[in-house]
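To start, the structure itself, in structure tokens.
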């Protein structure tokens with residue numbers, strides 16, 4: 001789908017075009033750090049640099065960041081380990097803001113998320129492309145990787161004990177019925193990271209299974225009703241929505257749509273309708289704020305594997321930006337030629 005901007009927005013468009021390439025560059029940079037950490041000069045500084053880069057991209061536009069992140073997580077199993085680490089790091093950063101964690105805890109949490117599987121980066125990529133069950137040797141490596149990752153980080157001169165402790169116990173079972181504020185920092189962060197880790201793994205495809213929808217992933221972790229007493233899961237849903245930007249949904253009019261931006265309520269996002277009930281492409285995406293009177297509502301979430309459509313992510317992100325802007329009469333000027341979305 002070709003697109004043009006309403007007059008006067010060329011600079012804004014350039015910023016979003018850069019955002020898309022920067023997000024891809026960030027994943028590539030993280031992949032280099034994780035795949036050959038012992039060859040990285042000043043490893044601690046490189047991780048801090050990746051973290052700052054992540055913060056800058058999220059600060060630019062959190063909805064655009066979520067859109068790109070969820071598309072990245074759901075469309076490819078190539079470089080799974082780096083992709084998974086980036087999803088976890090991004091969600092932990094957003095969660096830390098929502099939970100108002102102290103800066104030191106926020107830093108330890110996000111950097112633990114980025115590096116928790118560093119001792120099995122290559123194996124994680126292999127497993128993502130493997131249809132067979134893990135071998136006995138692979139199972140041993142999976143079981144031991146938290147401690148091995150912690151030890152490797154120590155060799156790489158990571159001296160933040162909270163970061164190291166969270167990596168070393170990131171698969172530990174921590175009670176979700178105890179208030180976060182009353183838990184020790186390492187348990188509090190482990191609890192947050194554990195939930196994010198499971199959620200991110202479920203939405204990501206592997207050769208052995210397709211990724212689940214974001215909604216199914218939440219329900220697999222917390223059940224059909226999100227209990228406010230489970231602060232982490234409740235905050236996750238409140239932060240990114242039941243159907244986050246970048247995920248697909250079926251509308252009650254039969255259309256297939258992609259979520260562009262979060263709404264005021266977790267289940268009422270802004271969507272772009274891409275396909276009609278027969279699976280035919282719309283000449284122009286229908287933009288709907290779900291939940292509003294006389295507008296389509298979300299019937300169900302869809303896994304990426306259930307949707308056969310090619311997307312121009314630059315256009316989708318821009319559509320979300322302009323649709324969310326009040327009184328934007330130039331919105332449909334974005335879409336000028338029917339064709340590939």
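Every number in this text was worked out from the coordinates using simple rules, so none of it is lab data. All values reported here derive from a predicted model rather than from experimental measurement. Cβ coordinates were reconstructed from backbone atoms using ideal geometry, including for glycine residues, and neighbour counts include every protein chain displayed.
Which of 233, 149 has the fewest other C-beta atoms within 10 Å, and how do the rest follow up to the most?
233, 149
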Gyration tensor verdict on region 62-188 (Cα atoms; rounded if a/c is under 1.5, prolate if a/b is larger than b/c, oblate otherwise): oblate
Footprinting exposure proxy for 88, 243 (fewest neighbouring C-beta atoms within 10 Å first): 88, 243
Residue order, fewest to most beta carbons within 10 Å, for 248, 157: 157, 248
Label point at residue 144 placed 7 Å out along Cα→Cβ; residues across region 111-132 whose backbone nitrogen lies under 20 Å: 116-127
